[in-house]
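Everything below concerns the one structure shown next.
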Amino acid sequence: MTAAANDAATEPSLIARREGPAGTLLMNRPRALNALDQAMIDGFGAAIEEWKADAEVELVVLEGAGGKAFCAGGDVRAMRQAVLDGDHDTVERFFTTEYAVNQGIAEFGKPWVSLIDGVCMGGGLGVSVHGSHRVVSENALLAMPETAIALFPDVGTSYVLPRLPGKLGLWIAMTGARLKGPEAVEAGLATHFVPRASLPALREALLTGDAGVVERFAQPVPPGAVAAQRPAIDRCFGAGSVPAIIAALEAEGTEWAASQLAILRRMSPTSLFVTHELLARAAKMSLRECLYTELCLTRTVTVHPDFAEGVRSVLVDKDGTARWTPPTIEEVQTVEPLFG
Ligand code: QUE
């Protein structure tokens, strides 16, 4: 089985293979940091359906091509263009099928082993974090940076993030904090740390069909930056509302708090409120309910002017000067209607 064709129509953008008892998936759009396009999503859906039912497939190994990225997210540039073109069917199809893949991975029932060696953001977390094994190297960089483009933590991370220790998840969701491999293990987003140099040997060992080999390659992670900031993160991000978090960070008076304030002031104000409310609701919901809530939000949030403007400023013009509507946290009234 192979997946759908990529832009160049030469190699598929998701390469699916059977290698003995393993199903292997290679995300293969290295020039776009393996960002997920519709063809890749469709390829994931087909592989999950086929391999879940095939008793000869004992596990799945997922990797990113090109040595730089695991997967930078979804093809949000294409989504922005579809929104501007009024092509809402394309947007609806993308998120519906992407979230079905996230649910399918959670329900796969066999080891789903992601080898994360490079950037893993947004949709990249969606195709890894619901699986059983999230292996990270020292080269891994994990983040949910959606508030920078006026989205929100989706792909089922609204389920995952509130279940991390303390207020780590809300901090990650609001600030888009980038966690290095060991920090991601510390936070609970990743499960195993394996040095990059050992990944080819780990991959080879996984092709025996035994996911238990991961334990033999994994190295302990010393408590680091995340543990050091935990008390301040919990204190400030547990304040109960976006304005209260801002006030708590201002009261903190540390260099760390000042840097977090500067980051939050650059994000879409509306998106910060949506994210805070979503994670509060999601803490009490199943993954399926979270994905449904996320899908409802995509329908309203992608037509809010901040989405096209955020993608423009971060990924199209790359000027980093988004003009948000409303422009400040203080001017946000309510985000309740966006939840439908
Ligand atoms: C926030 C995001 C994304 C992002 C940057 C953000 C995102 C995403 C990409 C991305 C990066 C490189 C690519 C590409 C997309 O960047 O979701 O096609 O080549 O997919 O600050 O949410």
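Brief remarks on what is shown
- Which numbered condition Pro326 misses (of (1) more than 27 Å from Ala184 (Cβ to Cβ); (2) touching a helix residue (DSSP H, G or I) at 6+ places or on another chain (Cβ under 7 Å); (3) surrounded by 16 or more Cβ atoms within 10 Å (Cβ to Cβ)): (3)
- Meets criteria (closer than 21 Å to Thr90 by Cβ, assigned to a helix (DSSP H, G or I) and at pLDDT 95 or above) for Thr298: yes
- Test: residue in the stretch 128-138 that is under 29 Å from Phe273 (Cα atoms) and outside any loop (DSSP other than H, G, I, E, B): no
- The conditions of being surrounded by 13 or more Cβ atoms within 10 Å (Cβ to Cβ), touching a strand residue (DSSP E or B) at 6+ places or on another chain (Cβ under 7 Å) and more than 23 Å from Glu277 (Cα to Cα) are not met by Val213.
- Test: residue in the stretch 247-260 that is closer than 22 Å to Pro145 by Cα and outside any helix (DSSP H, G or I): no
- Single match in Thr270, Thr208, Thr175 (criterion: polar (S, T, N, Q), surrounded by fewer than 21 Cβ atoms within 10 Å (Cβ to Cβ) and either touching a residue at least 12 places away in the same chain (Cβ under 8 Å) or in contact with a Ser or Thr (Cβ under 7 Å, 6 or more places away or on another chain) (or both)): Thr208
- Subset of the stretch 178-205 that is touching a helix residue (DSSP H, G or I) at 6+ places or on another chain (Cβ under 8 Å), in a helix (DSSP H, G or I) and among the hydrophobic types (A, V, I, L, M, F, W, C) - its residue that is surrounded by the fewest Cβ atoms within 10 Å (Cβ to Cβ): Ala201
- When Gly188 is tested against the conditions (1) touching a Phe, Trp or Tyr at 6+ places or on another chain (Cβ under 7 Å); (2) at pLDDT 95 or above, the lone failure is (1).
- Condition met for Val226 (part of a helix (DSSP H, G or I), modelled with pLDDT under 95, touching a Leu at 6+ places or on another chain (Cβ under 9 Å) and closer than 14 Å to Leu170 by Cα): yes
- Residue match in the stretch 23-37 (condition: at pLDDT 95 or above and closer than 22 Å to Cys296 by Cα): yes
- With respect to the conditions (1) touching a residue at least 12 places away in the same chain (Cβ under 8 Å); (2) over 19 Å from the mean Cα position of the chain (by Cα), Ile263 lacks only one, and its number is (2).
- Among the helices (runs of 4 or more DSSP H) confined to the stretch 13-115, the ones with at least 1 residues that are under 26 Å from Pro305 (Cα atoms), hydroxyl-bearing (Ser, Thr, Tyr) and within 16 Å of the ligand (Cβ to nearest atom) are located at 88-106.
The values are calculated or read from the model by the stated rules, or taken from the named source; none is laboratory data. Worth saying up front: this structure is predicted, and the values here are computed from it rather than measured. Note: ideal-geometry Cβ built from the backbone for every residue, glycine included; neighbour counts use all protein chains shown.
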